Amino acid sequence: MKLDETGQKGSSVRLRLMLASSTMLFVELALIRWAGANVVHLSYFSNFILLGSFLGIGIGFLIAAERGQWLKRWTPVPLVLLVVLVREFPVQVRQSSGQVIYFTAVKTTGLPEWVTLPVIFLLTAAIMAGIGKITADLFRQLPSLNAYRYDLLGSLTGSISFAVLSWLRAPSVVWGVLAAVALLILGGRRNTLVYGIPLTAMVAVLFLESTTTGITWSPYYKIQLERSPTTTRTYYISANGVPHQSTAPLPVLMRENSPYREAYEQTPRNPHKRVLVIGAGNGNDVAVALAYGAEHVDAVEIDPRLQQIGAQLHPAKPYDDPRVHVHIDDGRAFLERTDTKYDLIVLALPDSLTLVAGASNLRLESYLFTREAFEAARDHLTPDGAFAMYNYYRKSWLVDRFAGTLDDVYGHAPCLTTFKRNAAVLVTGMTPADQSCAQIWRPSGKVPAAATDDHPFPYLLHRGIPTLYLGALGTMLLVTLLSVRLAGVRIKKTIRYTDMFLLGAAFLLLETKNVIGFALYFGTTWLVNALVFIGVLLAVLAAVEVRRKLRHVNQILLQLLLFGSLAAAWLVPAQAVLALPFPARLASAIALAFAPIFCANLIFSDRLALAPDPTSAFGANLLGALTGGALEYLALMTGYQTLLLVVALLYLGAGIAMRVTDTATPAPKT
């Protein structure tokens, strides 16, 4: 009977640990998406929420078992406070930095950003500290590797669940209901009222948002659709609270001096029979291509909801035309896969208002504006073809960067047409004879260096970390130190897990590098991103399962394998992988990305199995991940490939710390 009771209790703990871990990751992902959709700053600082989550979870694991029960009891309170704050005081970013460009509204609303962002960071940390404490207390009740195993299974469940909701384009109230149900279960009967009241309030706020007229969700944005009161536009589309696109009748698009006409008017010898539109959106550019006699139009749009709006509401009905072929895909990924040659390729206002999840500064369109991307577009043009791009570029140096890159790639200066509000159109033919310009581009000053696939930051004026980011990172570091101190975490006790701290920092950087790599090889789509995170979790789980089968592992051999796999990832150039056919590219990307992760997590799993206090060791690892998230900004100076050197140094430091700090004890049964 006792055995049955023990077995049932163990099964209950495992299930609750999976639920807690799943809730932890689900809430983290939901906060990143939802807060970024309502506070424009967070669209460009998505790891602000991520780092706050690591801080909170780390504190939850580091607090002693007998302490911090109030964190568990009041977990829903900071959650509802965050939701109400964001809904009542939305903030739009002020474009005041001369170092980096944001494509946002120019006005500000609500509280100042220097108030809102720290408060959101602290509330996020408080939310995740409560859920982290719930998870940690369950973690302690199982042998370390067993607990880590079920923690990973829960993380996989949370990641897959959120990916499914993204695919279904579920509104925010659905996310809130699922999180509320999970938290009510974790809170238990004794906390039904304490949890139920704030969670009901949170769901009510999200319900009001989700039922607002014109609000829908895509996998990338909260989209608001409004009918235009003018005759020059039919609908206005806002993404994450910022005016993004508008649909217009064809006569308006085709009127004299329209930016939409420039690509065609400045290439009079071009037949314009086969046209590629990257950033097709609601269909304005597709309608213009058809009006100029295109016989085949490939319309590439990354956001399915924006394309759907165009298909349903655009007055010219361009997506109904049989000559149009729609591709819901990343533009760069489409270029890398297709063999089609085009008379004209148009980059049509591809300015996203969000970042690739898990990458601190990579925007959805970043890889469209690198030198290698311009070369890929050139290679897909017919002998007398042309390339065009246009946008509201905000700064003359950005126009110079793009025009200078086109000059280098094509061997001659492009046409430049400027409009009000800093709008500009750049058109270049394969040869000077293939373009007819009223004005040739001339640099307005020193031309900034081209963005590259290794340093894909076209909106960053110079290599370096902008003061805006340094200030935010400094504030987060100060808050982290104060929070750890106020939470009563014993720093001296945690120092013995320096190796786990460094392993966490290295792993987060390695994960980021892999997200970036897959975004380049296969596109910045939400699906690619979700699959990478799921793949990382599977690789980590595989390492845990292997370690559970082994009585002993050779740490030196594992470290040699780890550094060997990092060296391979460093030595193999990205262009060599991009040049491979799709199956070989996929196999190479998986091998280069997941071999180091597998080896690193075998090392981590072994250290966790031998740790005298596995929960504290895991907490130190999470705080290390926070540090790795801050170190990710080094890529703004060095490029992403150099991050592998930082990863190697961190793993080297962890290896040294393993020998300096004697944390090993006889392994518990796992």
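Structure notes:
- A Cα-only calculation for region 197-254 places Rg and Dmax at 15.3, 56 Å.
- Projection of the Cα convex hull of region 419-500, averaged over all directions and equal to a quarter of that hull's surface, yields 10.9 nm².
- Once the Cα atoms are used to define both axes, helix 467-486 deviates from the longest principal axis of the chain by about 10 degrees.
- Per residue solvent-accessible surface (Å²) - the chain, probe of 1.4 Å: 40
- Taking the DSSP beta bridges with both ends in region 296-450, the antiparallel portion is around 55 percent.
- Against the criterion of solvent-accessible heavy-atom surface with a 1.4 angstrom probe, HIS327, HIS462 sort, most first, into HIS462, HIS327.
- Acute angle (nearest 10 degrees) that the helix 582-610 long axis makes with the longest principal axis of the chain, alpha-carbon atoms: 20
- Computed about the Cα centre, the dipole magnitude for the chain is approximately 2180 debye when only Lys and Arg (+1) and Asp and Glu (-1) carry charge, each at its Cβ.
- Förster-model FRET efficiency, 35 Å R0, ILE590 and ASP321, C-beta, rounded to 0.05: 0.35
- Region 543-655, accessible surface, carbon-and-sulfur percent (1.4 angstrom probe): 76
- Under 11 Å, Cβ to Cβ, from ARG73 - net charge with Lys/Arg +1 and Asp/Glu -1: +3
- Computed P(r) (all Cα pairs; region 126-176; 5 Å bins; percent): 5, 17, 18, 20, 17, 13, 7, 3
- Distance between region 289-322 and region 377-431 - C-alpha centres, whole angstrom: 23
- Each residue, LEU470 and ASP339, gets one label point 7 Å from its Cα in the Cβ direction; the gap between the two is 5.1 nm.
- Computed Rg/Rh of region 145-213, alpha carbon atoms with Kirkwood Rh: 1.06
- Highest mean packing first, where packing is the average number of other Cβ atoms within 10 Å per residue, the peptides 274-286, 474-486, 583-595, 293-305 line up as 274-286, 293-305, 583-595, 474-486.
- Counting only protein chain heavy atoms and rolling a 1.4 Å probe, the accessible areas of TRP441, TRP570, TRP70 rank, largest first, as TRP70, TRP570, TRP441.
- Dividing the radius of gyration of the alpha carbons in region 193-292 by their Kirkwood radius gives 1.21 for Rg/Rh.
- Computed from Cα atoms alone, the Kirkwood hydrodynamic radius reported for region 238-298 is 12.5 Å.
- Element breakdown for region 421-481 at a 1.4 angstrom probe: carbon and sulfur atoms account for 63% of the accessible area.
- Cα→Cβ-extended label distance, 7 Å offset, between LYS549 and ALA449, nm: 4.7
- Pairwise Cα inverse-distance average, inverted: Kirkwood Rh of region 503-617 (Å): 15.0
- Heavy atoms of GLU256 accessible to a 1.4 Å probe, total area in Å² rounded to 10: 150
- The translational diffusion coefficient of region 227-337, from Stokes-Einstein at 20 °C and 1.002 mPa s with a Kirkwood hydrodynamic radius over alpha carbon pairs, comes to 149 µm²/s.
- Pairwise inverse Cα distances across region 539-670, averaged and inverted, put the Kirkwood hydrodynamic radius at 16.3 Å.
- Relative to the dominant Cα principal axis of the chain, helix 304-313 is inclined by about 40°.
- Charge dipole of the chain about the Cα centre (unit charges at C-beta), most positive-ward option of GLN575, ASN38, ILE63: ILE63
- Potential extension, ILE440-THR211 segment - 0.36 nm per residue separation minus Cα distance: 77.4 nm
- Distance histogram for region 303-407 (every C-alpha pair counted, 5 angstrom bins, percent rounded to whole numbers): 2, 9, 17, 22, 21, 16, 10, 3, 0
- Residue ranking by accessible heavy-atom surface, 1.4 Å probe, largest first, among LEU62, LEU557 comes out as LEU557, LEU62.
- Carbon/sulfur fraction of accessible area - region 192-313, other protein chains in place, 1.4 Å, %: 56
- Cα-based Rg and Dmax for the chain, where Dmax is the largest Cα-Cα distance (Å): 26.0, 90
- Long pairs among LYS273/LYS317; LYS222/LYS317; LYS273/LYS420, criterion Cα-Cα beyond 26 Å: LYS273/LYS420
The values are calculated or read from the model by the stated rules, or taken from the named source; none is laboratory data. As the structure is a prediction and not an experimental result, all values here were calculated from the model. Ideal geometry is used to build each Cβ from the backbone, glycine not excepted, and the neighbour counts take in all protein chains shown. Heads up: the accessible areas ignore ligands, DNA and RNA and are worked out on the full protein's heavy atoms, side chains in. Shrake-Rupley method; radii C 1.70, N 1.55, O 1.52, S 1.80 Å.
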